[in-house]
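> The structure is given below, and queries will be raised subsequently.
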Amino acid sequence: MQIAYVSSDESTQPDFVADYAKFCFLWYDHLVFMDADQAIDTIVKKEGLSRKHRADFTDIALPFDAFIKQQKLPDYIEDKEVEGKFSAFGKKLHDKSEVIYTGSQLPGGEIYSDRDARRLTDHGPVGGPRLWGNIDEIRQHQQKKIEEKIAFSAEHYNRPFRNIHRWAVLNQAHDCEFIGNTFTQAGIKLVLDEVNALSMDQDGTQKENLDVQEVLHLKVPCYKEVSWDRVIELKRTGRFGKLKDKAISLYGLSGKDIDKTTKVLNEEIIASNDDIVAHGEPNVKSVWVRVIASVSSSPVPYAGNALDIFSSVRRIRAEQERERNLRWYYTLRELGGIKLKVAD
């Protein structure tokens, strides 16, 4: 099972809900949110999804707590050694925040040397009034400002810690991609080895999936024009699954090279387009109608020329096969991938 874990920071971004969340919904078996209420409500209510589509959506998009309950997973890391590393990560991120907020980025709160502090207490800032009675007053003022800033920023380092910890929990059982903002992604680098050690995809499956995704993103970089209703329908009917399978197949046949896969995909698009130009859109129903009309017009219906009937059945099967083979093409065309300039 492939899942995507969406951090609380990312899920609240309007662009995520309007664009990339659609691709994630199509690609992954489940979309798991740290804090799902706002993102799910935005999609379900503001998009005005029908009752059927609403159920289809919430079967795949779930809050973290609901997902681990559904999958009967623990909500903690079972490896004591790794737990310790994640605790160390929390402290490391906390210490990093302290460094940031006790340095030059602390507005009006630079840490002064003893010499500078004495100068300020004796003379005040250059061109300004004397503000401090002694060095202790400066130190107390600075410490207060530092504590206020660190308290204010606590959520900024605790939230990434919770996100990454929960992602690691999911990685114990599933192939899971983390989707988060720049700050959280930076935090991940601090414990990337620990997270990867927990992952079940040690054979590199996850990276390969991301490479295939990149191929499709070269063709369809934006999903904003596709409605959520249509996205859910593509998922429900399995039509996007055909496109996904096609991309994965071409990736394997191209030696797992992104550029080669993109080139081969473009060649497949051109070949499919030529097939449609030469033979028209596949239409199994139309072929059925023609076959029935042909058999019905026989002097003895259903007992006419056996060879003609056999030939008719073959035409129907050939048309059905042709329609199946082109489903990925129609999905890509609907998503806007055919209109884009063919990449080299």
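No lab work stands behind these numbers, since they all come straight from the coordinates. As the structure is a computational prediction, the values presented were derived from the model and not from experiment. No Cβ is skipped: glycine too gets one built from the backbone with ideal geometry, and neighbour counts run over all protein chains shown.
> Between HIS279 and ALA55, how high is the FRET efficiency from 1/(1 + (r/R0)^6) when r is the Cβ-Cβ distance and R₀ = 35 Å? Nearest 0.05.
For HIS279 and ALA55, the calculated efficiency is 0.35.
> Report the gain in length on full extension from LEU253 to VAL44: 0.36 nm times residue separation, minus Cα-Cα distance, nm rounded to one decimal.
Result for the pair: 71.3 nm of gain on full extension.
> Which whole-Hz couplings ³J(HN,Hα) result when phi for each residue of the stretch 71-77 is put into the Karplus expression 6.51 cos²θ - 1.76 cosθ + 1.60, θ = phi - 60°, listed in order with x for Gly and Pro?
8, 6, 9, x, 9, 9, 8
> Mind ordering 54-61, 25-32, 4-11 by average Cβ neighbours within 10 Å, highest first?
Packing proxy ranking, top to bottom: 4-11, 25-32, 54-61.
> What order do you get for 234-246, 169-181 when each peptide is scored by the mean count of other beta carbon atoms within 10 Å, highest first?
Order by mean packing, descending: 169-181, 234-246.
> Same structure again: Residue-wise, which Karplus ³J(HN,Hα) couplings in Hz belong to the stretch 165-172, taking 6.51 cos²θ - 1.76 cosθ + 1.60, θ = phi - 60°, and x for glycine or proline?
3J(HN,Hα) across the stretch 165-172, in whole Hz: 4, 5, 4, 5, 4, 5, 5, 5.
> Could you list LYS72, LYS224, LYS263 in order of exposure, starting from the residue whose Cβ has the fewest other Cβ atoms within 10 Å?
Going from sparsest to densest Cβ surroundings: LYS72, LYS224, LYS263.
> Going highest first, how would you order 213-223, 38-48 by mean Cβ packing within 10 Å?
Final packing ranking: 213-223, 38-48.
> Using amide H atoms built 1.01 Å from N in the peptide plane, name the residues 5+ places from PHE33, or on other chains, whose amide H lies under 5 Å from its own.
VAL6, LEU62, PHE64
> Per residue of the stretch 42-51, what does 6.51 cos²θ - 1.76 cosθ + 1.60 with θ = phi - 60° give for ³J(HN,Hα)? Whole Hz please, x for Gly and Pro, Karplus curve as stated.
Values per residue, Gly and Pro as x: 4, 6, 5, 8, 5, 7, x, 5, 5, 4 Hz.
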